[in-house]
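Novice: One structure, pasted below without further comment.
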Amino acid sequence: MKILILGGGFGGTYTLKHLHKFFHNKKKVKLVLVNKKNYFIFTPLLHEVATGGVSIDNALEPIREIIKCCDFDFIHGEVEKIDLENKVVYINKERENYNVDYDYLVIALGSKTNYYNITGAKEFTFSLKTVDDAIRLKNRFVHMFELASVAQTCADYTQTNADNIKTQTDANYTQADAGNNVVQTNAENNENFLYEDLSYKIIGIAYKIKKNLGLGHKEKVYTNSLELELKKENIIYKREEKISVVYDGKIVGNYIPDFVIEDKIIVELKTLPLIDEKTKKQIWNYLKGTKYRLAILINFGKKDVEISRIIYDKARNSNSQQESASSQKVDNNESLQKSASSLQKSESNKYLTFVIVGGGATGVELAGEMSDLFYKTFSKLYSSDLISQVKIILIEKGKELIPQFSPKLRQKALERLKKLKVDIRLERGVIEVGEDFIKLDDGNVIETKTVIWAAGVETNLPEIIGKVEKDNKGRLVVNEYLQVKKKIDMLSQQESALSQQESAYDNVFAIGDVCCFIQDQKPLPQLAQVAVRQVKTVSLNIKNSIENKTLQKFAYKHTGDLISVGRFYALGEIKGVEFSGLISWFIWKGVYLSKIISFRDQIKTFIDWLLNLFLPRDITEL
């Protein structure tokens, strides 16, 4: 007799434990569990794993260590197909296919993130369903702050090292028709800092490259790096574009600069020991024969970065035949301060804006933990100016957060998150997500590099061969005994009049997120609490079926809900009694601690929580 359990989440793992109690040391019954990973994930801790509140291994338990017994076996693989007619499950493991037969089957494959076919949502957002998701999210938080810090540091570096920039030439090259004499004039009389904003973006990028790579590389290394940064900033450019040199209205040659930026500025990169006047004048002469007025010469020299803005400006609206070009110095403190602000605004804001989509339990708990991580832990490691730019935005399509709670507790959650500096946007839907933006249905576009999708789940079922009935969400409809129902429209009139038990697969059960159990004329919610309650009935009914006893009907009674909203604050509702605050937070900790499967992980998690009362969160990238 083989009982096959598909899925290693709450439903599958708890079913394994309950069945083991019934059939321990009974050699006629073999328990087999199939799961894509070799561990069980305690998902209520994932938001704390993602924010450094608990160690990753505290949320994991190796499946083989849950039941250390000879009557249990574990198959590490992914379920690809279920054949209910032939009682066979097809499993893939590292491109190898296996067939496993069964006498009784429990389908507990859980759910996956539902993106609702929204453009870009799957490609450009982070989810929080697996431990891999939590690791990616934690790394993302750290990475974004580091990138923002680099942007700020580079901007500050540009300002504080202004006096070291070697392009402090006040002279305008003036070529009169009489000869080649160079005379000094005031550059500002000719032009009020031509293409100022774009110039400072390029200057900021140059110092960012110097900060990240240092000096001493070949010219091609810096050229490729500049191209990557221009792409990041969405700055339009052409690399090594052939430009016509015109004399007397005719093309007499070509000039190929390193870059042409937005068809306005020519950029030349050098790796010379120093920029001399001859190099500057050569570029000025190139400008003279083209339509362009401004070139930026960037030299990654031996000791520092040298930057020259070289302007050629043919006098207009004047009877003068004089032509002039100026090499403007870029060491003006006020201008460099604007460069810093511009660079920070274009980069740091996107890096430090975090958007959570979904105001359910996952979104609310994560928002609270993120606030604590950013404003308490990171505030001790990064500048106050950088922390002041942080934004946490929570988007919910409904009118209220956490709809499973009472209106009073929903309002408390809203007020608590606002106190934690979370920007709540209710009755807002998402219509598109991009690499660095999210677009809402009210037309608002938020610039961000990090969007976290916590807006719902969908069933995680493979192909099923059989006459199964599904609801409009693709879940398996089960009867009062949690057996998978057969599709009524494929049965004969005689079969459709049979009892609930006879119109279902008597050896196939479904629990958790993959099943649809109708109670009080509506399906039960997709919650771990529901799955755990269903486990007891399924395990008992398998035992009773084997022993030819009467099956037990399932009835769900909701005992309550608990949710944390940042450190030292939680909301609770147990058997009609509502509570919130610090005491609720300790109750929340205690309840979840008791539900962790192994005593070892209970102790480790308790120690982590205890240490976190006095020590900062772990911000190590994984």
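The values are calculated or read from the model by the stated rules, or taken from the named source; none is laboratory data. In this text, all values refer to a predicted model and were calculated from it rather than measured experimentally. All Cβ positions, glycine included, derive from the backbone under ideal geometry; neighbour counts span all protein chains shown. All accessible areas refer to the heavy atoms of the entire protein, side chains included, with ligands and DNA or RNA removed. Shrake-Rupley method; radii C 1.70, N 1.55, O 1.52, S 1.80 Å.
Novice: Please work out which one of (1) among the aromatic types (F, W, Y); (2) more than 20 Å from F374 (Cβ to Cβ); (3) touching a Ser or Thr at 6+ places or on another chain (Cβ under 7 Å) is the condition F579 fails and give its number.
Specialist: (3)
Novice: While we're here: When residues of the stretch 531-561 are filtered for being open to solvent by less than 30 Å² (accessible area, probe 1.4 Å) and either in contact (Cβ under 8 Å) with a residue 12 or more places away in the chain or touching a helix residue (DSSP H, G or I) at 6+ places or on another chain (Cβ under 6 Å) (or both), how many remain? Step through it out loud before you land on a result.
Specialist: Of the stretch 531-561, the ones open to solvent by less than 30 Å² (accessible area, probe 1.4 Å) are 531, 534-535, 537-539, 541-542, 544, 551, 554, 556, 560-561.
Now drop any that are not either in contact (Cβ under 8 Å) with a residue 12 or more places away in the chain or touching a helix residue (DSSP H, G or I) at 6+ places or on another chain (Cβ under 6 Å) (or both), which leaves 531, 534-535, 537-539, 541-542, 551, 554, 556, 560-561.
Adding up the residues that qualify gives 13.
Novice: I'd like the residue in the stretch 214-249 that is among the hydroxyl-bearing types (S, T, Y) and within 28 Å of D304 (Cβ to Cβ) and, out of all such residues, is surrounded by the most Cβ atoms within 10 Å (Cβ to Cβ). First the steps, then the outcome.
Specialist: Pass one, the stretch 214-249, residues among the hydroxyl-bearing types (S, T, Y): 222-223, 225, 237, 244, 247.
From the residues that got through so far, the ones that are within 28 Å of D304 (Cβ to Cβ) too are 222-223, 225, 237.
On the way: Y222: 23, T223: 18, S225: 20, Y237: 19.
By that ranking, first place goes to Y222.
Novice: Output the number of the condition that Y102 fails; it satisfies all remaining conditions of (1) at pLDDT 95 or above; (2) open to solvent by 20 Å² or more (accessible area, probe 1.4 Å).
Specialist: (2)
Novice: For the stretch 361-408, what are the residues that are polar (S, T, N, Q) and under 14 Å from Y569 (Cβ atoms)?
Specialist: In the first step, residues of the stretch 361-408 are kept if they are polar (S, T, N, Q); the result is 362, 371, 377, 379, 383-384, 388-389, 404, 406.
Answer for the stretch 361-408, where residues must be polar (S, T, N, Q) and under 14 Å from Y569 (Cβ atoms): just S371.
Novice: Looking at R425, R416, R410, can you tell me which residue is in contact with a Leu (Cβ under 6 Å, 6 or more places away or on another chain) and open to solvent by less than 80 Å² (accessible area, probe 1.4 Å)? Can you show your working first?
Specialist: On the way: R425 fails: in contact with a Leu (Cβ under 6 Å, 6 or more places away or on another chain); R416 fails: in contact with a Leu (Cβ under 6 Å, 6 or more places away or on another chain).
Answer to the check: R410.
Novice: Quick one: would you say V445 is β-branched (V, I, T) and open to solvent by 50 Å² or more (accessible area, probe 1.4 Å)? Outline the logic, then answer.
Specialist: Details: β-branched (V, I, T): yes; open to solvent by 50 Å² or more (accessible area, probe 1.4 Å): yes.
When the stated conditions are applied, V445 passes them.
Novice: Regarding L417, is this residue assigned to a loop (DSSP other than H, G, I, E, B), under 16 Å from V355 (Cα atoms) and either out of contact with any Phe, Trp or Tyr (no Cβ under 9 Å at 6 or more places or on another chain) or among the charged types (D, E, K, R) (or both)?
Specialist: On the way: assigned to a loop (DSSP other than H, G, I, E, B): no; under 16 Å from V355 (Cα atoms): yes; either out of contact with any Phe, Trp or Tyr (no Cβ under 9 Å at 6 or more places or on another chain) or among the charged types (D, E, K, R) (or both): yes.
No: the conditions fail for L417.
Novice: For the stretch 454-475, how many residues meet the condition of being in a strand (DSSP E or B) and out of contact with any helix residue (DSSP H, G or I) (no Cβ under 6 Å at 6 or more places or on another chain)?
Specialist: Let us first name the residues in the stretch 454-475 that are in a strand (DSSP E or B), namely 457-459, 463-465, 468, 470.
Now drop any that are not out of contact with any helix residue (DSSP H, G or I) (no Cβ under 6 Å at 6 or more places or on another chain), which leaves 457-458, 463-465, 468, 470.
Total meeting the criteria: 7.
Novice: Would you please list the contacts, defined by Cβ atoms under 6 Å and residues six or more apart or on different chains, that run from a residue in the stretch 351-365 that is under 15 Å from K391 (Cβ atoms) to a residue that is open to solvent by 10 Å² or more (accessible area, probe 1.4 Å) and part of a helix (DSSP H, G or I)?
Specialist: Y351/L147
Novice: Restricted to the stretch 361-407, and to residues that are open to solvent by less than 40 Å² (accessible area, probe 1.4 Å) and part of a loop (DSSP other than H, G, I, E, B), which residue is farthest from I431 (Cα to Cα)?
Specialist: Y382
Novice: So which of K87, K122, K68, K138 is closer than 29 Å to Q602 by Cα and open to solvent by 30 Å² or more (accessible area, probe 1.4 Å)?
Specialist: Numbers: K87 fails: closer than 29 Å to Q602 by Cα; K122 fails: closer than 29 Å to Q602 by Cα; K138 fails: open to solvent by 30 Å² or more (accessible area, probe 1.4 Å).
Of the residues listed, the single one that is closer than 29 Å to Q602 by Cα and open to solvent by 30 Å² or more (accessible area, probe 1.4 Å) is K68.
Novice: Exactly one condition in (1) surrounded by fewer than 16 Cβ atoms within 10 Å (Cβ to Cβ); (2) in contact with a strand residue (DSSP E or B) (Cβ under 7 Å, 6 or more places away or on another chain) is not met by W588; state its number.
Specialist: Of everything listed in (1) surrounded by fewer than 16 Cβ atoms within 10 Å (Cβ to Cβ); (2) in contact with a strand residue (DSSP E or B) (Cβ under 7 Å, 6 or more places away or on another chain), W588 misses just condition (1).
Novice: Could you please find all residues in the stretch 60-98 being basic (K, R) and assigned to a strand (DSSP E or B)? Lay out the reasoning, then the answer.
Specialist: Step one: of the stretch 60-98, the residues basic (K, R) are 64, 68, 81, 87, 93, 95.
Result: K81, K93.
Novice: Identify the single condition in (1) open to solvent by 40 Å² or more (accessible area, probe 1.4 Å); (2) of a type outside the set (A, V, I, L, M); (3) modelled with pLDDT of 95 or more that F22 does not satisfy, given that it satisfies every other one.
Specialist: F22 satisfies all of (1) open to solvent by 40 Å² or more (accessible area, probe 1.4 Å); (2) of a type outside the set (A, V, I, L, M); (3) modelled with pLDDT of 95 or more except (3).
Novice: Is there a residue being under 27 Å from the mean Cα position of the chain (by Cα) and in contact (Cβ under 8 Å) with a residue 60 or more places away in the chain anywhere in the stretch 574-592?
Specialist: yes
Novice: For the stretch 35-50, does any single residue satisfy the condition of being over 16 Å from L128 (Cβ atoms) and assigned to a helix (DSSP H, G or I)?
Specialist: Looking for residues that are over 16 Å from L128 (Cβ atoms) and assigned to a helix (DSSP H, G or I), one finds none in the stretch 35-50, hence no.
Novice: Working only within the stretch 562-582, note down all residues that are assigned to a strand (DSSP E or B), buried (at least 18 other Cβ atoms within 10 Å of the Cβ) and small (G, A, S).
Specialist: Scanning the stretch 562-582 gives S564, A570, G572, S580.
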